[in-house]
1. Within the range 89-117, work out how many residues are open to solvent by 30 Å² or more (accessible area, probe 1.4 Å), more than 18 Å from residue 72 (Cα to Cα) and within 16 Å of the ligand (Cβ to nearest atom).
2. Would you mind stating whether residue 149 is open to solvent by 10 Å² or more (accessible area, probe 1.4 Å) and either within 16 Å of the ligand (Cβ to nearest atom) or closer than 30 Å to residue 334 by Cβ (or both)?
3. Of all the residues that make up the range 118-145, how many are open to solvent by less than 10 Å² (accessible area, probe 1.4 Å) and more than 16 Å from the ligand (Cβ to nearest atom)?
4. Can you work out which of the residues in the range 102-133 that are without any contact (Cβ under 8 Å) to a residue 24 or more places away in the chain and in a helix (DSSP H, G or I) is nearest to residue 208 (Cα to Cα)?
5. Is it true that residue 317 is in a loop (DSSP other than H, G, I, E, B) and either open to solvent by 20 Å² or more (accessible area, probe 1.4 Å) or touching a Leu at 6+ places or on another chain (Cβ under 8 Å) (or both)?
6. In the range 208-228, which residues are within 16 Å of the ligand (Cβ to nearest atom) and open to solvent by less than 40 Å² (accessible area, probe 1.4 Å)?
7. So residue 137 fits all but one of (1) over 30 Å from residue 46 (Cα atoms); (2) in a helix (DSSP H, G or I); (3) polar (S, T, N, Q); what number is the exception?
8. Here are 391, 370: which of them is charged (D, E, K, R), at pLDDT below 95 and more than 30 Å from residue 30 (Cα to Cα)?
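The values are calculated or read from the model by the stated rules, or taken from the named source; none is laboratory data. Here the structure is a predicted model, which is why all the values come from computation and not from measurement. Cβ placement follows ideal geometry from the backbone for every residue including glycine, while neighbour counts extend to all protein chains displayed. SASA here: full protein model, heavy atoms, side chains in, ligands and nucleic acids out. Shrake-Rupley method; radii C 1.70, N 1.55, O 1.52, S 1.80 Å.
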Amino acid sequence: MSQKETRSPVQAWSGRFTEPVSERVKRYTASIPFDWRLVPFDIQGSLAHAAMLHQVGVLSAQDLMDIRRGLGEILAAFEAGDFPWTLDDEDVHFTIERALTRKVGDAGKRLHTGRSRNDQVATDVRLWLRDAIDRIQALLREARAALLDQAGRHADTVMPGFTHLQAAQPVTFGHHLLAWHEMLARDGERLADCRRRVNRLPLGAAALAGTSFPIDRGFVAQELGFEALCENSLDAVSDRDFAIEFLAAGALIMTHLSRMSEELVLWMTPRFGFIDLPDRFCTGSSIMPQKKNPDVPELMRGKTGRMNGHLVALLTLMKGQPLAYNKDNQEDKEPLFDAVDTLVDSLAIFAEMVPGIRVRAGAMRRAAIEGFATATDLADYLVKKGLPFREAHEAVARAVRAAEEQGLDLADLPLATLQGFSPLVDEDVYAVLTLEGSLAARDHIGGTAPAQVRAAVVRARGRL
Ligand code: ARG
């Protein structure tokens, strides 16, 4: 195609220009290849804007009716998968405005009165993100419910709790899952808080300074369900904090899912053998016939990287921008869209995977025993009998070394042997050396005693 043929008299702003942009520039500057996802929200915003213009006497009743009919048809077509666009249309806002004008004539050309694409796009992205947050919140709740079900089922299942990935003290599997639940519960709080700042109306800021038309921003906010107005027009068109905050909250969600995934991967290796995942969440190897790989949790761990990348991308996008709107901001969309897709997919699959976790209670218990997980209980026992903690720690350390050398658990050592490490040891020591004794002793809010785990599940269900 020659330059001449690509000349774009169609461009809404081309009146001021003496030569057209090149095909390359057109492609470079267009956002329609990705911002078409805003269509329903752009239409929602336009309907509210048009209703307001009519309300304040700027738009006739006939024009409003035409606009409503035209936008309704465009939305219906979009929902049916029919939304044609070309690069000449540049972005979703021009594409819809042109389609509307083709349908209803002059009314379509009047819609943009008192508005700019700058406040329009900021409104669209906020509406879109608000909807995305609500979808993500629902999925977070599903994932949390799945964790709570498993936690309740395994309130008595013993496993070693780890520090430094070394067996530390016995915990229940239910208690471990409740720790995961807490992470996701905080994620929900963060999103709810972020939503309040997403849910403010930029429309009315126009290009940057406001508009000379007698607009009613409160009316538009109410129509669109915004809780508040952006208070300053310059800030309204340039602020993307709300998107950055969302990505930060999203990065934490993925960080949490990634940590959980890492544990699933570890637990699934025969070295641990704590759990098994159903085949539908795993894949095989093209060369090693025996393999069953935990691809889903691995990918979830991997996708955390792209999420963090999106957060850094938007932070970087903003750091050098003078007020007010700059075209840089067009770059906010793809990271945001991909972030939401990643979160929605990851949370949905996680919620589906959790009920499928098959627990190998025997392997968990063996690992707790082999790891001398009740050593602290023995030390606490000696302290309760009057020994200073440091000395108790030392005595138990020697007992562990001896047990290890003989290939025995602490509970297998004869009373006489244990008394060799401290004369305070008595027959009642064996009660604290059992895994169940150790668990039951941690009987306070936040502790791993099975009764506490069950109570925590009930409380958490109440918070859902
Ligand atoms: N496509 C643009 C964006 O995503 C819409 C706003 C364009 N405004 C402008 N003055 N060029 O940011």
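1. Selection size over the range 89-117: 1.
2. On the way: open to solvent by 10 Å² or more (accessible area, probe 1.4 Å): yes; either within 16 Å of the ligand (Cβ to nearest atom) or closer than 30 Å to residue 334 by Cβ (or both): no.
Answer is no for this residue.
3. Residues in the range 118-145 being open to solvent by less than 10 Å² (accessible area, probe 1.4 Å) and more than 16 Å from the ligand (Cβ to nearest atom): 5 in total.
4. Step by step, filter the range 102-133, then rank; the result is 109.
5. For residue 317, the condition - in a loop (DSSP other than H, G, I, E, B) and either open to solvent by 20 Å² or more (accessible area, probe 1.4 Å) or touching a Leu at 6+ places or on another chain (Cβ under 8 Å) (or both) - is not met.
6. We begin by selecting, within the range 208-228, every residue within 16 Å of the ligand (Cβ to nearest atom); these are 208-211.
The one that is within 16 Å of the ligand (Cβ to nearest atom) and open to solvent by less than 40 Å² (accessible area, probe 1.4 Å): 210.
7. In the conditions (1) over 30 Å from residue 46 (Cα atoms); (2) in a helix (DSSP H, G or I); (3) polar (S, T, N, Q), residue 137 misses (1) alone.
8. Values: 391 fails: at pLDDT below 95.
Being charged (D, E, K, R), at pLDDT below 95 and more than 30 Å from residue 30 (Cα to Cα) holds for just one of 391, 370, which is 370.
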